[in-house]
Amino acid sequence: MQREEKSERSRRQVLDAALRLFSTRGYRATSVRDIAEAAGVSTGNLYHHFPDKEAIFRTLLDEYHDIVASEQFPVFRAVQNGQFPDNLEDLGYAARDSVKQYRRYMLLIFVDVIEFDGTHIREFYKSLTKRFGDLVEQNPSIHERIRENVSASAALHMVARIFINYFQLELLFGVSEPFGKETRHIVSEIADMLRRGIARQA
């Protein structure tokens, strides 16, 4: 058991080091030796856990895939209370917390797009549709609060994407107040536009 714990600990060290390096330097600019040194393990130990550098990258994306559909992820928790779409502001702040907490994993998505042409993350985004659908089915009361002819899972997916994209601009790319307003004002305004629409009623 002690040997297994030690092995798992060194594997985790490799993944944590790789996450730091990939999210700051990119994939090609990070070598296996760089990861091993940052993790405090030998290259031999690293290869004991992973056959190559790309396997490490894929494992990190798989971890993020699992996190997004778990209670670790603030947006997931905000949806699970079954109050959507009445809790749009809560979802907005949950999106902010999700970006803050998992910013390094989110940066890997951009690394994948730039360096792999999105090879690894296509299935990730395809699976999100199913996951949002599953969340809605687990909280059937959501259907009662969504207007007719609107897909509840598509609505949930859209809301999460809008808020996450906004806070990625602010927290990943360093764009202060991307829409020219403080967080509390913009979350409130986006929520209001989502609830009531933006077109003037005839």
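The values are calculated or read from the model by the stated rules, or taken from the named source; none is laboratory data. The structure displayed is predicted, hence computed values, not measured ones. Backbone-built Cβ (ideal geometry, glycine too); neighbour counts: all protein chains shown. The protein model used for the area step is the full one, side chains on, heavy atoms only, and it has no ligands, DNA or RNA in it. Shrake-Rupley method; radii C 1.70, N 1.55, O 1.52, S 1.80 Å.
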Note: R28 to F110 extended length (0.36 nm per residue) minus current alpha-carbon separation gives 28.2 nm
With a point put 7 Å past each Cα toward its Cβ, work out how far F124 is from Q201 in nm, to one decimal. 4.1
proj_area_mean for region 1-98 (convex hull on C-alpha atoms), units nm², value 7.9
Of L107, H143, Y125, which is farthest along the charge dipole of the chain in the positive direction, counting Lys and Arg as +1 and Asp and Glu as -1 at C-beta? L107
Could you give the angle, 0 to 90 degrees to the nearest 10, between helix 122-138's Cα long axis and the longest principal axis of the Cα atoms of the chain? 50
Percent of Cα-Cα pairs per 5 Å bin, from 0 to the last occupied bin, for the chain, please list those. 1, 7, 14, 16, 16, 14, 12, 8, 6, 4, 2, 1, 0, 0, 0
Heavy-atom accessible area of the chain with neighbours in place, 1.4 angstrom probe: carbon+sulfur share in percent works out to 49
At R0 = 41 Å the Cβ-Cβ FRET efficiency linking S188 and E63, nearest 0.05, sits at 0.80
For the chain, take the longest principal axis of its alpha carbons; what is the angle in degrees between that and the long axis of helix 2-25, to the nearest 10 within 0 to 90? 60
For the chain, what does the accessible surface come to per residue with a 1.4 Å probe? Please give it in Å². 57
Explain nothing, just the number: relative contact order of the chain, from Cα pairs under 8 Å at least 6 residues apart, as a whole percent. 20
When only the heavy atoms of the protein chains count and the probe is 1.4 Å, how do D112, D117 rank by accessible area, highest first? D117, D112
Sequence-separation-based contact order of region 1-100, relative, with Cα cut under 8 Å and 6+ spacing, percent: 20
In degrees, nearest 10, range 0 to 90: what is the angle between the Cα axis of helix 88-101 and the longest Cα principal axis of the chain? 10
